[in-house]
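Notes to accompany the following structure.
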Amino acid sequence: MLLFRGFLGAFYTLAPLLIYSSAWAFNGTQLPGLGVNQVGMAGAGTALLSNAAATLRNPASGVFMESGSTWDLAVGIPNAGYAAGSTGPDSRMSLFEYEQGQYQSVSMAGFAPSFAKLWRLSDQWAWGLGLYGAGMGSNMTDGAANIARGIPGLSSECDGDYGGGGARNAATNASQCGDRGGKAGIQLTQINLGVFLGYRPSEWLGIGVTPLLGLQQFRIQGLSAFAPYSTDPPNVTDRDQDYSWGVGYRLGLHIRPTQTLEMGLSYQPTMRQSHLDRYAGAMSAGRLNIPANLNAGLHWEFAPGHSLLLDWDQVRYDQVRPLAASPQMDGFVNQCILPRLLGAAAGQENPDYCLGGKRGPGFGWGKMTMQKLGYEYRRDRWQWRMGYSRGGSPIRTLNALMTVLAPAVGSEHIAAGFTWDCSARLSVGVALSYAMDDTKTVSNELSNISIATPNSGQLVDAVTGEAALIQLNVGQDADDQNVRVHMEIWQVQVGLNWRLQEFH
């Protein structure tokens, strides 16, 4: 009953902050570290035995630490946007292009609270519970788009960065504009809840497991101009919040061969989530699984009070279909958009290439591997920390359409922090992190298209009905619109650690 009340109390206290958060995590949808101590070292700390927050990443660590609880609140201040240039002088037609100018895409502050509680039952056993959240979000309010430029009867100038609003003015054709509002963006919030159990079979070894419940809140806005080219047009955008859930687990291992050297290892396989029915037409398979992740760390106390931490983390976004799917536009254009626009002249459509289809456009994210270096100095009632991390961007295929919507372009971040032991029971910690401002120039492949010239064999196939009469050249070239996407994040985290009476 004590566990149940504690778990519910933590959830109801933190859930409102998590649900309405739209902060960006530093590493795609994942946080760099859990607890103020790890965050102060840029996420290093899989092998650090500090307080109950360590069990959120490595459930085996609890058997080496004293009972206690931690409460952390991170406030992220992201700044991201894009600068859209013009198409080249030889561009005659486009299917979609951003209006030229500079625009903000991420600016809202967001919150990422976490909670952990640890009970040591004996020299060999420990258990506890934890809750933490992460996610990503973008919010675009002031842009516009040109759709089907140069195509008679279809060319439309629309409000909204993705053309989801109405016509820009009364004299503008609105046939290709959306009908659900111009405000565009994406929001994903993830909440992870778990109860861990740790066992220490020997003085130098600890093992642990955490059954997990994963909850997600998801929303897309402003993509209604693209809804006609989906496997499920009514369920692409502007359907308010949708929710999904799934169950999984995390395994942990902690090895302490000497008093000055420790190693930690933890692994969480892909957590399969339930369907997001309201957005089934926007993502392949209609679900967004939480990716598998692996953490390995080394903690070396090379002198009294001085510790060096090295971590190697990997997140498998390449195993989550909507994130890993290629954003290449050729199949999307020629096997979905054109047949739906022009009918038989453009050939038989293949729904697999539409939004939400098995081969439809995705974000082009891949396997992400991060290296982290941390340093901690302890003296009297103070601990001081700093750290550096690199490898934090999951984007592998740069494409304007998806990168502007989810601008996870930053690759490096630095951090510093401290903890003060106010008393024998209570500690207060602060960490400051900065995901360094990074800019990527991406190509908008839909901004410059041309009608492909068929050879004689293709003409014969078109006459006999075995091929499409009209096909478009889609791909990167010198006349594509270039878009510069940038992002940086400041994060301040405050943590409280309350040490409980030890077992008897």
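The values are calculated or read from the model by the stated rules, or taken from the named source; none is laboratory data. Only a predicted model underlies this, so the values are computations on that prediction, with no experimental measurement involved. Glycine also receives a Cβ, built like all others from the backbone with ideal geometry; neighbour counts cover every protein chain displayed. The protein model used for the area step is the full one, side chains on, heavy atoms only, and it has no ligands, DNA or RNA in it. Shrake-Rupley method; radii C 1.70, N 1.55, O 1.52, S 1.80 Å.
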| said: When the residues of the range 418-428 are narrowed to those that are out of contact with any Phe, Trp or Tyr (no Cβ under 7 Å at 6 or more places or on another chain) and among the small types (Gly, Ala, Ser), which ends up farthest from residue 494 (Cα to Cα)? | reply: 424
| note | Of 62, 45, 76, the only residue that is out of contact with any His (no Cβ under 6 Å at 6 or more places or on another chain), over 22 Å from residue 257 (Cα atoms) and open to solvent by less than 40 Å² (accessible area, probe 1.4 Å) is 76
| field | Where residue 146 falls short, out of the listed (1) over 25 Å from residue 85 (Cβ atoms); (2) in a strand (DSSP E or B); (3) more than 23 Å from the chain's Cα centre (by Cα) | value | (1)
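Give me a count of the residues in the range 175-196 that are among the acidic types (Asp, Glu) and modelled with pLDDT of 90 or more. Reasoning before the result, please.
The first filter runs over the range 175-196 and keeps only residues among the acidic types (Asp, Glu), leaving 179.
Add one more test, that the residue is modelled with pLDDT of 90 or more, and what stays is none.
Looking only at that region, the number is 0.
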| Regarding residue 327, is this residue in contact with a Gly (Cβ under 7 Å, 6 or more places away or on another chain) and assigned to a loop (DSSP other than H, G, I, E, B)? | yes
| task | Test residue 46 against the stated conditions and say whether it is among the polar types (S, T, N, Q), in contact (Cβ under 8 Å) with a residue 60 or more places away in the chain, more than 30 Å from residue 100 (Cα to Cα) and in contact with a helix residue (DSSP H, G or I) (Cβ under 7 Å, 6 or more places away or on another chain). | result | yes
| task | Mind listing just one residue for me: the one in the range 273-298 that is aliphatic (A, V, I, L, M) and open to solvent by 20 Å² or more (accessible area, probe 1.4 Å) and, of those, farthest from residue 221 (Cα to Cα)? | result | 298
| field | Candidates 138, 122, filtered to the one that is small (Gly, Ala, Ser) and more than 27 Å from the chain's Cα centre (by Cα) | value | 122
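Conditions tested, residue by residue: (1) under 27 Å from residue 369 (Cβ atoms); (2) modelled with pLDDT under 95.
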residue	(1), (2)
222	no, yes
231	no, yes
238	no, yes
241	no, yes
248	yes, no
276	no, yes
284	yes, yes
288	yes, yes
298	yes, no
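Take the range 149-177 and flag every residue that is open to solvent by 10 Å² or more (accessible area, probe 1.4 Å) and either part of a strand (DSSP E or B) or closer than 11 Å to residue 225 by Cα (or both).
Here is the first cut: in the range 149-177, the residues open to solvent by 10 Å² or more (accessible area, probe 1.4 Å) are 149-155, 157, 159, 166-177.
157, 159, 166, 167, 174, 175, 176, 177 - these are the residues of the range 149-177 that are open to solvent by 10 Å² or more (accessible area, probe 1.4 Å) and either part of a strand (DSSP E or B) or closer than 11 Å to residue 225 by Cα (or both).
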| Do we have any residue at all in the range 299-320 that's more than 29 Å from residue 401 (Cβ to Cβ), crowded, with 21+ Cβ neighbours inside 10 Å and of a type in the set (D, E, K, R)? | yes
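Within the range 21-52, restricting attention to residues that are among the β-branched types (Val, Ile, Thr) and at pLDDT 90 or above, which residue is nearest to residue 419 (Cα to Cα)? Walk me through it before giving the result.
Filtering the range 21-52 down to residues among the β-branched types (Val, Ile, Thr) leaves 29, 36, 39, 46.
Still in the list and also at pLDDT 90 or above: 36, 39, 46.
Values: 36: 8, 39: 12, 46: 18 Å.
The qualifying residue nearest to residue 419 (Cα to Cα) is 36.
Looking only at the range 191-234, which residues are among the polar types (S, T, N, Q) and crowded, with 19+ Cβ neighbours inside 10 Å?
Across the range 191-234, the qualifying residues are 192, 210, 216, 217, 221, 224, 230, 231.
Tell me the residue from 87, 70, 55 that is modelled with pLDDT of 85 or more and in contact with an Asp or Glu (Cβ under 7 Å, 6 or more places away or on another chain), please. Talk me through it step by step, then tell me what you get.
On the way: 70 fails: in contact with an Asp or Glu (Cβ under 7 Å, 6 or more places away or on another chain); 55 fails: in contact with an Asp or Glu (Cβ under 7 Å, 6 or more places away or on another chain).
Among 87, 70, 55, only 87 is modelled with pLDDT of 85 or more and in contact with an Asp or Glu (Cβ under 7 Å, 6 or more places away or on another chain).
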| query | Does at least one position in the range 379-390 carry a residue that is touching a helix residue (DSSP H, G or I) at 6+ places or on another chain (Cβ under 9 Å), open to solvent by less than 40 Å² (accessible area, probe 1.4 Å) and at pLDDT below 90? | reply | no
| For the range 109-124, which residues satisfy the criterion of being open to solvent by less than 30 Å² (accessible area, probe 1.4 Å) and of a type in the set (A, V, I, L, M)? | 112, 116, 118
| query | Hey, among the residues in the range 345-364 that are more than 11 Å from residue 231 (Cβ to Cβ) and open to solvent by less than 10 Å² (accessible area, probe 1.4 Å), which one's farthest from the chain's Cα centre (by Cα)? | reply | 346
| Among the listed residues 229, 243, 267, 249, which satisfies the condition of being closer than 27 Å to residue 177 by Cα and hydroxyl-bearing (Ser, Thr, Tyr)? | 229
